[in-house]
Amino acid sequence: MTEAGGAHRAESDDIADVPKSVAVMFLKERVYATFTGLAIVLVVYTSTGHHSAAYAFEILLLGVFAVVLAGFASDGIAHLAVHRTFPHGDDLRTLVRVAASGLGTLLLPLGMITLAWLDVLKLNTALLISGYIYIATLGLIGWLAVRRADITWWQKLAALITLVLIGLVVLSIQVLAHRH
């Protein structure tokens, strides 16, 4: 994305070297994909007697891919609305990289499910480990968000508790939606 001064800095692989608006996009994509993955893993976990590892792999892959694609589409539409042109050049590359970063949330959980598919782990165990991976990811993102904030320690604690509570509400709604 273009910074206010017109410089393009989105090509760096270090999140500290990209404009804050782009860093926000990367983190937001990760959070969306992580919540989606966690909800899918929990739904499949609660009904593993009815599903195979192949099904769990497929539904997790497709579900997270769909939310990443939706994020890419919304970023593209927002770019069009604000800039009055389709994203191209560095802007398009940034949108693609942001979307692709959301797919990174699949690596470890799909690896666990693959181990279940190969009969190295039981599917319930693979899904449970995947759920913990997603929860740890959300916790880490929340902690990283509040630890550097210019607020008091008790405000940081309140912010982290609020993030966790909102996360639990979002997760509950997603699980309910995926169960029907």
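The values are calculated or read from the model by the stated rules, or taken from the named source; none is laboratory data. These numbers come from a predicted model, not from an experiment. Backbone-built Cβ (ideal geometry, glycine too); neighbour counts: all protein chains shown. With ligands, DNA and RNA removed, areas are computed over all heavy atoms of the protein, side chains included. Shrake-Rupley method; radii C 1.70, N 1.55, O 1.52, S 1.80 Å.
Does the range 148-167 contain any residue that is in contact (Cβ under 8 Å) with a residue 60 or more places away in the chain and surrounded by fewer than 19 Cβ atoms within 10 Å (Cβ to Cβ)? Checked the range 148-167: no residue is in contact (Cβ under 8 Å) with a residue 60 or more places away in the chain and surrounded by fewer than 19 Cβ atoms within 10 Å (Cβ to Cβ). Consider the range 102-115 and keep the residues that are small (Gly, Ala, Ser) and open to solvent by 10 Å² or more (accessible area, probe 1.4 Å). The one that is farthest from Leu140 (Cα to Cα) is Gly111.
Do we find that Ile77 is more than 18 Å from the chain's Cα centre (by Cα), among the β-branched types (Val, Ile, Thr) and modelled with pLDDT of 95 or more in this structure? Write out each step before concluding.
Details: more than 18 Å from the chain's Cα centre (by Cα): yes; among the β-branched types (Val, Ile, Thr): yes; modelled with pLDDT of 95 or more: yes.
Spelling it out, Ile77 is indeed more than 18 Å from the chain's Cα centre (by Cα), among the β-branched types (Val, Ile, Thr) and modelled with pLDDT of 95 or more.
Taking the residues in the range 54-101 that are among the hydroxyl-bearing types (Ser, Thr, Tyr) and free of Cβ contacts under 8 Å to residues at least 60 places away in the same chain as candidates, determine which candidate is surrounded by the most Cβ atoms within 10 Å (Cβ to Cβ). This residue is Tyr55.
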